[in-house]
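The values are calculated or read from the model by the stated rules, or taken from the named source; none is laboratory data. In this text, all values refer to a predicted model and were calculated from it rather than measured experimentally. All Cβ positions, glycine included, derive from the backbone under ideal geometry; neighbour counts span all protein chains shown. When the accessible area is computed, the model is the full protein with side chains, heavy atoms only, and any ligands, DNA or RNA have been set aside. Shrake-Rupley method; radii C 1.70, N 1.55, O 1.52, S 1.80 Å.
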Amino acid sequence: MTNRMQKHIVLLLFTIFLSSEFAYSQVVRNYEITEWVYLNKSSRLLGNSVTDLVYGNSNRLWIGTGRGLNSTADNGLSFDEYTHDEFEIGIGGVSALAVLGDIVIVANAFDDPDVEESNSTGSGLAISTDNGFSWTHIDQPKDSNDAVFELIYGDTIDALPVVINVDNVTFDIAITEDSTIYITSFAGGSRKSTDLGVTWNRIVLPPDDMDSLTAFSDHEFDLSPVDNSNFGVTGSLNHRPFSVIAWGDTVIIGTAGGINRSYDSGVSWFKSNTGNSGISGNWAVVLHRHVWNGNETLLAATRPTVEGEFLGISLSRDGGENWRTVLSDERVWNFSSDDSVIYAAADSGLFKSVDGGVTWASFPPIIDGATGDPLYTQTFYSVIKTPDNRLWAGTAGGLIYTDNNSSSWTILRAVKPLTEDLSVRTYSYPNPFSPSRHNRLGGDGYVRFHYSLSERSTVSINVYDFSMTLVAKAVKSVSRDKGEWDEVWNGRNGFGSVVANGTYFYKIIVNKSSGGGEVHWGKVMVIE
Amino acid sequence: MRNALFISVMLFTPLTVIAQGEGGFAAPFLRMGLGARAISMGGAFTAVADDGFAAYYNPAGLPYLTKRHFTTTYSFLSLDRRFHYISYSQSLKPTAGLSLYWLAAGTDNIDGRDLSGNHTFDYSDASNAFGISFANRFHESIAIGITLKIITQNLDLADENLSSNDLAFDAGLMFIPVENLKLAVVIKDLNASFSWSTQDLFSLGTVSIDTIPYTLNAGASYLFDNGLTISTAALFNQSQQERMRFGIEYRRDELYSLRAGSDDGAFSFGGGVRYQVSGGVYTNIDYAFRPEVVGEGGTHLFSWEFTF
């Protein structure tokens, strides 16, 4: 693998967690499962990066966030939390989630402060077979030290055992009707379990220079997704898997080297890549199967790994042999089907196709119908339409839904209430705040100033620098009811420039409707 | 008559209003003014610069020092801010002057929060300026001084540190056309910027550069025979509106001083006492109070200077 390619892969992995809440290592490091956050609408959501949405039995919607697993069985009125302490869920954010009936499997990952130069560390899988009532933890699947070979069609090939959890993060899970589980772990390879995760077998995919792996193909290659030195990759790109879908005996695995199809539950494989089938990029991060009126469409969101490849969606109508690009330059994170409609959640918004994925339309900017607040992100990670016709989307800025075909939306966000620490009258978040990274909307990033009002008041917020020179008037005399509020600042001064790195002081001036007033000061560190 | 004209020119220069939201530039601690004596005179010290703060306000004042000055200052600032200064200054006979100083500023107890508002760590922000000044008197009435300073800023995020530093220059001129009248021009913080790399902090780190704006200071001061000094200074900042500063000091028999001033309309006052420690060693203790400007809380400053 070239250095350039390695760099791309590292970059890609970083990107996965970029907007999730383990973008800062210290967030996950400080993972406090006792510190509940609550949802400012009604109940509690663990984190505002909603990366997975899957619908299960008993009207339960499963929600994977950057801070852990939630579900709701009452359409978002209340949320259940599945934590490391109470259940046997791995620590960290949700990296993959799969549901089939009452079987729920979640994979978690965290950023280990003791590991330098690591993207993240897999904290294992947790499986429930009773719709989330009880859970069993599964250590991050890996190999024993002596697993130095693998048998394929009676031939022995050398294999590098993957023995650690660092960089061994499960990014996708598939469950078939007979409860066979397939996982794709970036550094840990593709694995299969037929006993609900008790034991796992490595899946051998074709190496980079072969388009298939059958009884008749060459068996002279190694299975070594990684050697353990600083992301050095000695194995092939095609042994670094990222996405998986499976039904019946069919398994499709997306890797850094293409899209692999198996029709015999993962024994023989046929590979599509940019060289032989016209997919937009060899790095297939998400796969989706859409079936409507008896027609099957396969969709793959791809990333470029080398020159000539590009971002986009590739689409196949012939079971994955031939592909065409349908939505280029979009960084797609997830798909979802609703009868004939296909949804795609992407970095630049939510997309919808009504013609089987050939043409796509984006949704207009999202505004909460009740509060008038915009959604301060364009990054969508996940989307699902539930049977009651509610369209849910997981974004980098919370969980949103619409019941009326997107004419009005509700934005649900996690925010730490001030009532839990009475010595704090206001805080800013995220802090530090990066205007080019956080809560991006329309060319600006936004930090929130959180505060509480005991009665209806008029509120102004000014921002000052160390010398108490006025930097900005973030909020000018807005009227707010009793309760906890967020106001936003885009990190720009009166000249319209993003301010220099450093600490800024904000002053919240509250004029109560009953007379009298309050002033609260807070600090925000800006790091561009 | 000449004095009266001078006073009227200084006092009736119109105050300018601070524009809305003109802050937000790098290293604001360099533009705050310091020292109890100078702050109580509204910071109008460019054309005074006759003590241990000369290196900060105008290095061209150094050759006119008659003693060695060891100076330290402590500021009680609100909102967990720190701001300290320590310096050593002396003239170098026959015509030169030298000073070394360290200016430290910072903010503590910054409440780190994640994207959901959960507390992470308490952060801090520390800035420093290490200066060395050299000045020379080319004539009885004219001196030029320069300061070379290393400016640093460190953002301490508990488990990551982000820091940057650069070299900056100040250059000053002191002109004494007639006895007791001093005119001065200083340009401060030339050529400095902070370069930041966020590779270790963010998943997709970048490099950004924050330019530190330079400031042009022009001032005048006049010492009356009765021990009264009046001074003024105008600050022209590269990025911000000009500021006008005025100060007045009454010094009685080298025993005590009373001072008042205005920094762009913000009033301050203070005083100092001086006594002999032993032999040729004297000490000044100065105090200044600067009322709050934007409701942040007032500032108490203490300076302690030894001259010998």
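One residue alone among B:Arg82, B:Arg137 is touching a Gly at 6+ places or on another chain (Cβ under 9 Å), over 21 Å from B:Ala220 (Cβ atoms) and surrounded by fewer than 23 Cβ atoms within 10 Å (Cβ to Cβ), and that residue is B:Arg82. Residues that are among the β-branched types (Val, Ile, Thr), open to solvent by less than 10 Å² (accessible area, probe 1.4 Å) and in a strand (DSSP E or B) within the stretch A:174-194 comprise A:Ile181, A:Ile183, A:Thr184, listed in sequence order.
Within the set A:Gly132, A:Gly122, the sole residue that is assigned to a loop (DSSP other than H, G, I, E, B) and buried (at least 22 other Cβ atoms within 10 Å of the Cβ) turns out to be A:Gly132.
Taken together, the residues in the stretch B:85-95 that are open to solvent by less than 10 Å² (accessible area, probe 1.4 Å) and touching a Pro at 6+ places or on another chain (Cβ under 8 Å) amount to 0.
Scan the stretch A:242-276 for residues that are in a loop (DSSP other than H, G, I, E, B), crowded, with 21+ Cβ neighbours inside 10 Å and not polar (S, T, N, Q) and jot them down.
Result: A:Ala256, A:Gly257, A:Gly266.
Here are A:Gly278, A:Gly320, A:Gly294, A:Gly312: which of them is touching a residue at least 60 places away in the same chain (Cβ under 8 Å) and on the phi > 0 side of the Ramachandran plot?
Numbers: A:Gly278 fails: touching a residue at least 60 places away in the same chain (Cβ under 8 Å); A:Gly294 fails: touching a residue at least 60 places away in the same chain (Cβ under 8 Å); A:Gly312 fails: touching a residue at least 60 places away in the same chain (Cβ under 8 Å).
After applying the criteria, what remains is A:Gly320.
Screening A:Val488 with (1) open to solvent by less than 10 Å² (accessible area, probe 1.4 Å); (2) touching a Lys or Arg at 6+ places or on another chain (Cβ under 7 Å); (3) more than 23 Å from B:Thr211 (Cα to Cα) gives one miss only, at (1). When the strands (runs of 3 or more DSSP E) confined to the stretch B:218-278 are screened for residues that are open to solvent by 50 Å² or more (accessible area, probe 1.4 Å), those reaching at least 3 such residues are found at B:243-252, B:266-278.
Scoring A:Phe133 on the criteria (1) aromatic (Phe, Trp, Tyr); (2) without any contact (Cβ under 8 Å) to a residue 40 or more places away in the chain; (3) within 25 Å of A:Ser236 (Cβ to Cβ) leaves a single failure, condition (3).
Kindly indicate whether B:Ala104 is away from chain A (no Cβ under 11 Å), without any contact (Cβ under 8 Å) to a residue 40 or more places away in the chain and either part of a strand (DSSP E or B) or of a type in the set (A, V, I, L, M) (or both).
Yes, satisfied.
Residues that are closer than 23 Å to A:Arg437 by Cβ and more than 9 Å from every other protein chain (Cβ to nearest Cβ) within the stretch A:458-485 comprise A:Ile461, A:Ala474, A:Val475, listed in sequence order.
Within the stretch B:65-79, the residues that satisfy the criterion of being of a type outside the set (S, T, N, Q), surrounded by fewer than 18 Cβ atoms within 10 Å (Cβ to Cβ) and not in a strand (DSSP E or B) are B:Lys67, B:Arg68. If you scan the stretch B:198-217, which residues turn out to be in a strand (DSSP E or B), open to solvent by less than 30 Å² (accessible area, probe 1.4 Å) and farther than 19 Å from B:Asn165 by Cβ? Correct list: B:Thr215, B:Asn217.
Condition check ((1) modelled with pLDDT of 95 or more; (2) charged (D, E, K, R); (3) more than 11 Å from A:Pro206 (Cα to Cα)) across all residues:
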{"residue": "A:Asn238", "(1), (2), (3)": "no, no, no"}
{"residue": "A:Val244", "(1), (2), (3)": "yes, no, yes"}
{"residue": "A:Thr250", "(1), (2), (3)": "yes, no, yes"}
{"residue": "A:Ile253", "(1), (2), (3)": "yes, no, yes"}
{"residue": "A:Ala256", "(1), (2), (3)": "no, no, yes"}
{"residue": "A:Asn260", "(1), (2), (3)": "yes, no, no"}
{"residue": "A:Phe270", "(1), (2), (3)": "yes, no, no"}
{"residue": "A:Asn273", "(1), (2), (3)": "no, no, yes"}
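Within the stretch B:283-308, the residues that satisfy the criterion of being open to solvent by 60 Å² or more (accessible area, probe 1.4 Å) and without any contact (Cβ under 8 Å) to a residue 40 or more places away in the chain are B:Ile285, B:Val293. Only one entry in A:Arg390, A:Arg437, A:Arg425 is closer than 26 Å to B:Asn109 by Cβ, open to solvent by 10 Å² or more (accessible area, probe 1.4 Å), more than 8 Å from every other protein chain (Cβ to nearest Cβ) and among the charged types (D, E, K, R), namely A:Arg425. Residues in the stretch A:491-523 that are under 18 Å from B:Arg81 (Cα atoms) and either of a type in the set (Lys, Arg) or open to solvent by 40 Å² or more (accessible area, probe 1.4 Å) (or both): A:Lys507, A:Trp521, A:Lys523.
The residue list A:Tyr381, A:Tyr376 contains one member that is farther than 30 Å from B:Leu79 by Cβ, within 14 Å of chain B (Cβ to nearest Cβ) and not polar (S, T, N, Q), which is A:Tyr381.
Of all residues in the stretch A:402-417, those that are open to solvent by 30 Å² or more (accessible area, probe 1.4 Å) and of a type in the set (D, E, K, R) total 1. Among the residues of the stretch A:53-99, the one identified as in contact with a strand residue (DSSP E or B) (Cβ under 6 Å, 6 or more places away or on another chain), open to solvent by 60 Å² or more (accessible area, probe 1.4 Å) and part of a loop (DSSP other than H, G, I, E, B) is A:Glu88. Residues considered: B:Ala60, B:Ala47, B:Ala38, B:Ala55. Of these, the only one that is away from every other protein chain (no Cβ under 14 Å), at pLDDT 95 or above, part of a loop (DSSP other than H, G, I, E, B) and under 26 Å from B:Glu179 (Cα atoms) is B:Ala47. Each residue in the stretch A:277-305 was checked for being over 25 Å from A:Lys192 (Cβ atoms) and open to solvent by 50 Å² or more (accessible area, probe 1.4 Å), and 4 of them qualify.
For the stretch A:350-379, a tally of residues being open to solvent by 10 Å² or more (accessible area, probe 1.4 Å) and either of a type in the set (Phe, Trp, Tyr) or not in a loop (DSSP other than H, G, I, E, B) (or both) returns 9.
Yes/no per residue for (1) open to solvent by less than 40 Å² (accessible area, probe 1.4 Å); (2) over 31 Å from the mean Cα position of the chain (by Cα); (3) among the charged types (D, E, K, R); (4) at pLDDT 95 or above:
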site	(1), (2), (3), (4)
A:Gly443	no, no, no, no
A:Arg448	yes, no, yes, yes
A:Ser454	no, yes, no, no
A:Ser457	yes, yes, no, yes
A:Ser460	yes, yes, no, yes
A:Asp465	yes, yes, yes, yes
A:Met468	yes, yes, no, no
A:Lys482	no, yes, yes, no
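The set of residues in the stretch A:486-528 being over 35 Å from the mean Cα position of the chain (by Cα), facing chain B (nearest Cβ under 9 Å) and assigned to a loop (DSSP other than H, G, I, E, B) consists of A:Gly494, A:Phe495. The condition (being closer than 24 Å to A:Met468 by Cα, more than 12 Å from chain A (Cβ to nearest Cβ) and open to solvent by 30 Å² or more (accessible area, probe 1.4 Å)) is satisfied by just one residue among B:Asp166, B:Asp111: B:Asp166.
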